[in-house]
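Heads up, the thing below is written out as structure tokens.
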Amino acid sequence: MLTTLLKANANSILKAATLIRDGEVVAIPTETVYGLGANALDTNAVKKIFAAKGRPGDNPLIVHIAHMDELSALIACSLTDAMLAVMDAFWPGPLTLIFKKSDRVPFEVTAGLETVAIRMPDHEVAKEIISLSGCPIAAPSANKSGRPSPTSAAHVYDDLNGEIPLIIDGGQCQVGLESTVLDMTGDLPRILRPGGVTLEMLEFVLGEVLLDDSILCALKEGEQARSPGMKYKHYAPIGELTLVSGEDSIAIKKICTLYDKAVSRGLTSVIIASDETISCFGDRMKVSLGSKSEPQSMAAQLFNTLRDMDDVGAQIIFAQVVDTKGIGLALMNRLGKAAGFKTINAGE
Ligand code: TXA
Ligand code: MG
């Protein structure tokens, strides 16, 4: 299949919406990452998403809407005060909510679950495509399964050229990490995946918010993932990523020692540093995620940086752990998953 890459404008947006209405799959920009969108109510179209991504059939998709009046047809519950408050505060935006699903939502979208994930993106191009297509759009991140999520149209092209008819280029994604997934079906709201809307922001609106166990450590053998996506290896560069914890100076020393050891074994090694630490690594191969004083921009750089690791042929990669407050929790979750949660404590 020929994949066309078009800059977002009135013509290309209409083309994308028409293709989606006709049962095709199109990559579209959102404020978090690029999505691979199809009509959520068309089971054949939804199956094409799984095929293009190589996504396991038991990992459910997020349904994207552009207006509040599209919500009621998709869910089978009345809206609680908590749901209304959180939607009022963060929609449109990088927050996905899990509700009990209505009969209209096919099990192909929810991977057999009785619940559905719904998000209203805060991106003009995405909203226009949803509105013009006239249907809710099911869209996972537009990467090949297992690869880092795409934050530019070029990333999508690298992964899906030949698999889909159209990619709409809306520039760089602002948030750069996927949405926060918040389960609203239990007694208390529970974060299944941290993202652009932080724990602190949710607590401010909702009071107590639970954090799923799988966010900062690997699932134990045989343990069931509440969010099916959390059980898969994700975001992983081809090389082996190791995280190093401990006070800055000790962690930096440890990374230098491990790096030198890897290089002496003939392996290509790269250090993911910050603006504050990068000069401490001398002439070793290194890249900065950005300044620790701007964790938002470090988060927005992460997936790009992980993709760069593959481009330079990195075999052994090191990164320091980051503070988990605010967006740092999402950053640590993605770094942890990319590393298979392999962490060395430099202080020990
Ligand atoms: O920012 C985002 O969320 C992007 C953009 C395109 O909107 N989408 C995205 O989709 O990241 P995806 O498919 O890569 O991740 C969706 C996550 C997965 O971890 C999946 O398991 C979880 O949401 N999920 C979807 N439906 C669910 C459900 N009913 N219950 C629990 N988790 C669900
Ligand atoms: Mg994904």
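Readers should treat all values here as calculations from the given coordinates under stated rules, not as data from a laboratory. Just so you know, these numbers come straight off a predicted model, no measurement behind them. All Cβ positions, glycine included, derive from the backbone under ideal geometry; neighbour counts span all protein chains shown.
Once phi is turned into ³J(HN,Hα) by the Karplus curve 6.51 cos²θ - 1.76 cosθ + 1.60 with θ = phi - 60°, what whole-Hz value does each residue of region 285-292 show in order, with x for glycine and proline? Going residue by residue, I get 5, 8, 8, 9, 7, x, 7, 4 Hz, with x marking Gly and Pro. The Rg/Rh ratio of region 249-319, with Rg taken over Cα atoms and Rh as the Kirkwood radius over Cα pairs, comes to 0.97. Sparse packing (at most 14 other Cβ atoms within 10 Å of the Cβ) combined with a DSSP loop state is found for the following trypsin sites (Lys or Arg not before Pro) in region 256-288: ARG265.
In summary, the convex hull built on the alpha carbon positions of region 1-49 has an orientation-averaged projected area of 3.8 nm². Between region 50-67 and region 136-201, how far is it from one alpha carbon centroid to the other, in angstrom? If we compute the Cα centre of each part, the gap is 10 Å.
For region 14-129, the relative contact order is 31 percent, taking Cα pairs closer than 8 Å that sit 6 or more residues apart in sequence and dividing their mean separation by the residue count.
In terms of overall dimensions, the C-alpha atoms belonging to region 28-165 reach 44, 29, 26 Å along their principal axes, ordered largest to smallest.
Every helix of 4 or more DSSP H residues in the chain counts as -39500 (n - 2.57), and over all residues that averages to -9500 deg cm²/dmol at 222 nm.
Taking other residues whose beta carbon is less than 11 angstrom from the beta carbon of SER152, and scoring Lys, Arg as +1 and Asp, Glu as -1, yields -1. Rg and Dmax of region 206-311, both derived from C-alpha coordinates alone, stand at 16.5, 52 Å. Lys and Arg at +1, Asp and Glu at -1: add these up for the other residues within a Cβ distance under 14 Å of SER297 and post the number. That sum, taken over residues with Cβ under 14 Å, equals -2. Residue-wise HN-Hα couplings along region 57-68, as the Karplus relation 6.51 cos²θ - 1.76 cosθ + 1.60 with θ = phi - 60° gives them from phi, are x, 9, 10, x, 9, 8, 9, 9, 10, 10, 9, 4 Hz; Gly and Pro carry x.
Annotation: the residues LEU216, LEU19, sorted from fewest to most other C-beta atoms within 10 Å of their own C-beta, follow the order LEU216, LEU19. Close amide H contacts of ILE62 (hydrogens built in the peptide plane, cut-off under 5 Å, sequence separation of 5 or more or a different chain): ALA139. Report, to one decimal in Å, the Kirkwood hydrodynamic radius for region 1-104 based on all distinct Cα pairs. Kirkwood hydrodynamic radius for region 1-104: 15.5 Å. Taking amide H positions as modeled 1.01 Å from N, with prolines and chain starts lacking one, the residues under 5 Å from LEU210 and 5 or more places away or on another chain are ARG190, ILE191.
Could you work out the Kirkwood radius for region 21-72, taking every pair of different alpha carbons, averaging 1/r and inverting it, reported in Å? Walk me through the intermediate numbers first.
Details: mean 1/r = 0.0834 Å⁻¹.
For region 21-72, the Kirkwood estimate is 12.0 Å.
Using C-alpha pairs below 8 Å separated by at least 6 residues, the relative contact order for region 195-300 is 12 percent.
Shape descriptor for the chain: Rg over Rh equals 0.98 (Cα atoms; Rh from the Kirkwood inverse mean 1/r). Given Cβ point charges of +1 (Lys, Arg) and -1 (Asp, Glu) and nothing else, what value in debye, to the nearest 20, does the dipole of the chain about its Cα centre take? Roughly 900 debye for the chain. Please list, ordered by chain and number, the residues whose modelled amide H lies under 5 Å from the amide H of ASN345; skip anything fewer than 5 residues away on the same chain. Sorted by chain and number, the residues that satisfy this are SER245. When the chain is treated as a GNM, springs tying every alpha-carbon pair under 10 Å, which of THR324, THR30, THR242 comes out with the largest mean-square fluctuation? Checking each option, the largest mean-square fluctuation is seen for THR324. Here's the picture: charge each Lys and Arg Cβ at +1 and each Asp and Glu Cβ at -1 in the chain, and of MET309, ASN11, ILE215 the one pushed furthest to the positive end of that dipole is MET309.
Sorting TYR235, TYR34, TYR157, TYR259 by the number of Cβ atoms found within 10 Å of their own Cβ, with the fewest placed first, yields TYR157, TYR259, TYR235, TYR34. Given springs between every Cα pair under 10 Å in a Gaussian network model of the chain, which of PRO136, PRO237, PRO56 has the largest fluctuation? Most flexible of the set in this elastic network: PRO56. Counting 0.36 nm for each residue step from ALA85 to SER293 and taking away their Cα separation leaves a gain of 71.9 nm.
The 3J(HN,Hα) values that the Karplus relation (6.51, -1.76, 1.60; θ = phi - 60°) gives for region 115-121 are, in residue order, 10, 10, 8, 10, 9, 10, x Hz. Gly and Pro appear as x.
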